[in-house]
1. So which residues in region 58-77 are of a type in the set (A, V, I, L, M, F, W, C) and free of Cβ contacts under 8 Å to residues at least 40 places away in the same chain?
2. Can you give me the number of residues within region 62-78 that are among the small types (Gly, Ala, Ser), surrounded by fewer than 20 Cβ atoms within 10 Å (Cβ to Cβ) and part of a helix (DSSP H, G or I)?
3. Taking region 297-307 on its own, how many of its residues are farther than 16 Å from Gly212 by Cα, of a type outside the set (D, E, K, R) and either crowded, with 21+ Cβ neighbours inside 10 Å or touching a residue at least 60 places away in the same chain (Cβ under 8 Å) (or both)?
4. Keeping to region 277-297, report how many residues are in contact with a Leu (Cβ under 7 Å, 6 or more places away or on another chain) and closer than 18 Å to Gly205 by Cα.
5. Any chance region 204-225 includes a residue that's at pLDDT below 95 and surrounded by fewer than 16 Cβ atoms within 10 Å (Cβ to Cβ)?
6. When both residues are 6+ apart or on different chains and their Cβ atoms are under 6 Å apart, which pairs have a first residue that lies in region 197-213 and is of a type in the set (Asp, Glu), and a second that is not in a loop (DSSP other than H, G, I, E, B)?
7. Ala230 versus (1) at pLDDT below 95; (2) of a type in the set (Gly, Ala, Ser); (3) surrounded by 21 or more Cβ atoms within 10 Å (Cβ to Cβ): which is the lone unmet condition?
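The values are calculated or read from the model by the stated rules, or taken from the named source; none is laboratory data. Note that the structure is a prediction, hence the values are computed from the model and not measured. Heads up, the Cβs are rebuilt from the backbone with ideal geometry, glycines too, and the neighbour counts pull from every protein chain shown.
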Amino acid sequence: MRKNGRGVKGIIEYSAAVALLKLFGLLPRSAAQAAAEVVASLGFRLAGRQRRAGFRNLEMAMPELSEGERYQILRGSFSSLGRLLVEFSHFPDLNQDNVSGHVVYEGFEHYEAAVNRGKGVIFLTGHFGAWELSCFAHSLYGHPMKFVVREIDNVRVERLIGAYRERAGNTPIEKRNASRDILRALRNNETIGILVDQNTTRDEGVFVDFFGIPAATTPAIATLALRTGAAVVPGFLIWDKKTHKHRLHFDPPMELITTGDPARDIVENTRACNAVLERMIRLYPDQWLWIHRRWKTRPEGEASLYE
């Protein structure tokens, strides 16, 4: 039942997803944002497992903060998820004419420079801000791209989410079949978005520091960039509280580390990717998805960090 979304649980999941998308999509954006904040508040109170994981992550990553400061960050993270829900539900309303009223570029010249290299572009990003809106808006601005996704267990929910994601012309690539499709896209000088901030298994990832703690991290970006020469451009969607708009921020293309030792180069460049992500999270800590158990996988012989 978990794999195909059948049965009572699958029906409930699909019905809830449809109801939320329709509800927030029908409401004016300002009203939807207010409603989403109520949902975020309830979620913070009711999602005990996720809340505990978030507090534990913050204790490990930012031990210098007070309990009250960590509380405010985690509460803000739930609000950020609420904004994501609102933006996602309003995808059908966004188009080339009105997208600039919601998303503005910051550092677009860095993306242009990466495209001009002619070897493809890899967006280094994570579950930050309203991340689903970043590639959607980028496509509406005239720059369609492809992005790697992990399939949702519930097939009906996966189809629903996929239909929203593809409305602007972007193309999802399933993680299980990603390598061949990504290599083809990069050879055609296309853009690929890869989220690097989720826990991986020991056999899939490499252990590199993230907030000073070894974290099982996908080496996909480093491996692909070293193999193809593709430019790696950090890209994050930042919510600007003053303007009430999202800033699609691009850093300059990363300088890849090449020592002549391929295995070492993959590890060191993956470490550099984590450092980029950590820097952005420290700047805007309440916009990252703290509720994911990022340090779940441990090196052989190490005890779990989550009890």
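1. Here is the first cut: in region 58-77, the ones of a type in the set (A, V, I, L, M, F, W, C) are 58, 60-62, 65, 73-74.
Residue satisfying the conditions is Leu65 alone.
2. Step one: of region 62-78, the residues among the small types (Gly, Ala, Ser) are 66, 68, 76-77.
After this cut, where a residue has to be surrounded by fewer than 20 Cβ atoms within 10 Å (Cβ to Cβ) as well, the list is 66, 68, 76.
Subset that is part of a helix (DSSP H, G or I): 68, 76.
So the count comes out to 2.
3. Residues flagged as farther than 16 Å from Gly212 by Cα, of a type outside the set (D, E, K, R) and either crowded, with 21+ Cβ neighbours inside 10 Å or touching a residue at least 60 places away in the same chain (Cβ under 8 Å) (or both) within region 297-307 amount to 1.
4. Restricting attention to region 277-297, the residues satisfying the condition of being in contact with a Leu (Cβ under 7 Å, 6 or more places away or on another chain) are 290, 295.
Still in the running and closer than 18 Å to Gly205 by Cα: 295.
Result for region 277-297: 1.
5. Within region 204-225, one or more residues are at pLDDT below 95 and surrounded by fewer than 16 Cβ atoms within 10 Å (Cβ to Cβ).
6. Asp197/Leu277
7. So Ala230 meets the others, but not (1).
Residues checked against (1) in a helix (DSSP H, G or I); (2) more than 18 Å from the chain's Cα centre (by Cα); (3) closer than 16 Å to Asp197 by Cα; (4) free of Cβ contacts under 8 Å to residues at least 24 places away in the same chain:
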residue: His246; (1), (2), (3), (4): no, no, no, no
residue: Thr259; (1), (2), (3), (4): no, yes, no, yes
residue: Arg279; (1), (2), (3), (4): yes, no, yes, yes
residue: His292; (1), (2), (3), (4): no, no, yes, no
residue: Trp295; (1), (2), (3), (4): no, no, yes, no
